[in-house]
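The values are calculated or read from the model by the stated rules, or taken from the named source; none is laboratory data. Since this is a predicted model, take the numbers as computed values, not measurements. Neighbour counts are summed over all protein chains in view; Cβ atoms, including those assigned to glycine, are modelled from backbone coordinates with ideal geometry.
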Amino acid sequence: MLVLLLLLCNVETIRSETTTVADSENHTDPCTGSYYCKEGVILPIWEPQNPSLGDKIARATVYFVAMVYMFLGVSIVADRFMSSIEVITSQEKEITIKKPNGETIKTTVRIWNETVSNLTLMALGSSAPEILLSVIEARGHNFQAGDLGPSTIVGSAAFNMFIIIALCVYVVPDGEIRKIKHLRVFFVTAAWSIFAYTWLYMILSVFSPGIVEVWEGLLTFFFFPICVVFAWVADRRLLFYKYVYKRYRAGKQRGMIIETEGDRPSSKADIEMDGKVLNSHTENFLDGSLVLEVDEKDQDEDEARRDMAKILKELKQKHPEKEIEQLIELANYQVLSQQQKSRAFYRIQATRLMTGAGNILKRHAADQARKAVSMHEVNTDVVENDPVSKIYFEQATYQCLENCGTVALTIVRRGGDLTNTVYVDFRTEDGWANASDYEFTEGTIIFKPGETQKELRVGIIDDDIFEEDENFLVHISNVRVNAENTEANLESNHVTPLACLGAISTATVTIFDDDHAGIFTFEEPITHVSESVGIMEVKVLRTSGARGIVIVPYKTVEGTARGGGEDFEDSCGQLEFQNDEIV
């Protein structure tokens, strides 16, 4: 905050330093003027008042360096402030959804309403420098309007309202479509923005020209929460909005969209929050919107999973030499780059790039890749004395050849009371593989007392058609304990759940096609060895197929090292891969 105050004081001093007024009493020459400075809010005047040319250049240099330094200081402070707001508004809580078929799923919803957070905390954080600059200027002029005036804030808001929206519309690539996510909220906030500009003009130029009276300031202040409430009502479909349900279909004529009245979507699901079960028919509480959001979120998660599988597949074909951690990092970065981001993100990203902190997307993608790889190595996240049993896949990814017949997936049970019987449902889901590549499977796995590991087998369909490597997903859900133990626990007021899903509730199975010879690559593009190693071994991998016996010739070629026994022994020969041999 000290850096912020110093910057604002320097801004006032610099502004005053550049103010020129002709002093008619001391100077009569019309071509020259007397320059004088006003004291800043904190910093005094730099004496003497009329320096020589050399002193002016020196002072200008000092002011410029100080201004740049203070600008970076304010950027860092604003970065911390916006990061804190981003953390606050991204807080989530876990809810349990009980579907009509009895299946229960857990999902998360944000505590802060997105519209309210954007209009309050996000707006405050992004506009804090302009607000403080206007406050400092008003204080430095004894609450008289300065050169900046209301345009400090209004100009920035108008720029966001008109220029930014115009640019967003203009930069949409040809042939692509961009949609406004919350159209009702957009109309409400746009109407309030235009009203705000009109209202400011009225109080500054019509009601009391050049003066902001107390009642005008108070009324302007109270308009803000009213605007937030209107936007929230539009976002939550309250009042008359809940009766407006539109459906759209494409007309036969090109480019025509036909609007029809639709029925209110049904929401027959029970929602449990903080241990209380609430039926979604209770309109005063949910009004159907939460269930709709959850359904949309489930669809978004499924779509995101398919997109990630598609990206990993493309990256694997483009970079067959890279390890899984590197591929996951590249995929995470590509997905993050395509995601919708808040205004706070762009401000933070610009500040960190300017101050040399690096690209936060790449750093986050690298962290996610390390977590994903560590998830393969760490198979359990519970301790032995944990009262809750965790049911999850032993690993997140499985691989098999197309001719393997079946692939075995291991589901483990860790922690909790092992004397209970635990049930968990499972089902398969298409990824890039479909019904012609594997056998759809669903059912229930039973962990009997004392059992900690079960094997789930999925049939793989072999064919003679060349295909690229494909994958499918296996989900586990609806963990429950046998009814007898559950009733006993309820009678003893035992509210802690006895079993739940662990960290890995979805496994990805990749099917390697064996209908052609395969693609041969080195395991590592670069290998470092010491001179004393004696004999160096290099692994050759066979991917995207393992059909038949294949002979791969090899030979050494000189680089900076010399062959012929000087640095290494020349070698050449053939590698013979047997049928289904991949290393």
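On inspection, Gly146 fails the criterion of being over 24 Å from Phe222 (Cα atoms), at pLDDT 80 or above and either aromatic (Phe, Trp, Tyr) or in a loop (DSSP other than H, G, I, E, B) (or both). Looking at the stretch 394-440 only, could you name the residues that are polar (S, T, N, Q) and either assigned to a loop (DSSP other than H, G, I, E, B) or buried (at least 17 other Cβ atoms within 10 Å of the Cβ) (or both)? Within the stretch 394-440, Gln395, Asn403, Thr419, Asn420, Thr421, Thr428, Asn434, Ser436 meet the criteria. Within the stretch 530-555, being touching a strand residue (DSSP E or B) at 6+ places or on another chain (Cβ under 7 Å) and hydroxyl-bearing (Ser, Thr, Tyr) holds for Thr543, Ser544, Tyr554.
Filtered by the rule that a residue be acidic (Asp, Glu) and under 33 Å from the mean Cα position of the chain (by Cα), the stretch 415-436 gives Asp425, Glu429, Asp430. Each residue in the stretch 438-453 was checked for being hydroxyl-bearing (Ser, Thr, Tyr) and under 11 Å from Phe426 (Cβ atoms), and 2 pass. Quick one: in the stretch 132-143, which of the residues that are more than 19 Å from Ile203 (Cα to Cα) and not in a loop (DSSP other than H, G, I, E, B) is nearest to the chain's Cα centre (by Cα)? In this case the residue turns out to be Leu132. Scanning the stretch 550-580 for residues that are out of contact with any Asp or Glu (no Cβ under 7 Å at 6 or more places or on another chain) and more than 26 Å from Val533 (Cβ to Cβ) yields a count of 3.
With the condition kept exactly as written, say whether any residue in the stretch 127-135 is within 23 Å of Glu213 (Cα to Cα) and among the acidic types (Asp, Glu). Within the stretch 127-135 (the criterion being within 23 Å of Glu213 (Cα to Cα) and among the acidic types (Asp, Glu)), the answer is yes, since at least one residue qualifies.
Every residue, every condition in (1) modelled with pLDDT under 85; (2) farther than 19 Å from Asp462 by Cβ, yes or no:
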| position | (1), (2) |
| --- | --- |
| Met375 | yes, yes |
| Asn379 | yes, yes |
| Val382 | yes, yes |
| Ala396 | yes, yes |
| Asn403 | yes, no |
| Thr410 | no, yes |
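For the stretch 155-196, the candidate set comprises residues that are closer than 18 Å to Leu119 by Cβ and part of a loop (DSSP other than H, G, I, E, B); within that set, the residue that is nearest to the chain's Cα centre (by Cα) is Lys181. Can we say Pro129 is in contact (Cβ under 8 Å) with a residue 40 or more places away in the chain and either in contact with a Phe, Trp or Tyr (Cβ under 7 Å, 6 or more places away or on another chain) or buried (at least 16 other Cβ atoms within 10 Å of the Cβ) (or both)? For Pro129, the condition - in contact (Cβ under 8 Å) with a residue 40 or more places away in the chain and either in contact with a Phe, Trp or Tyr (Cβ under 7 Å, 6 or more places away or on another chain) or buried (at least 16 other Cβ atoms within 10 Å of the Cβ) (or both) - is met.
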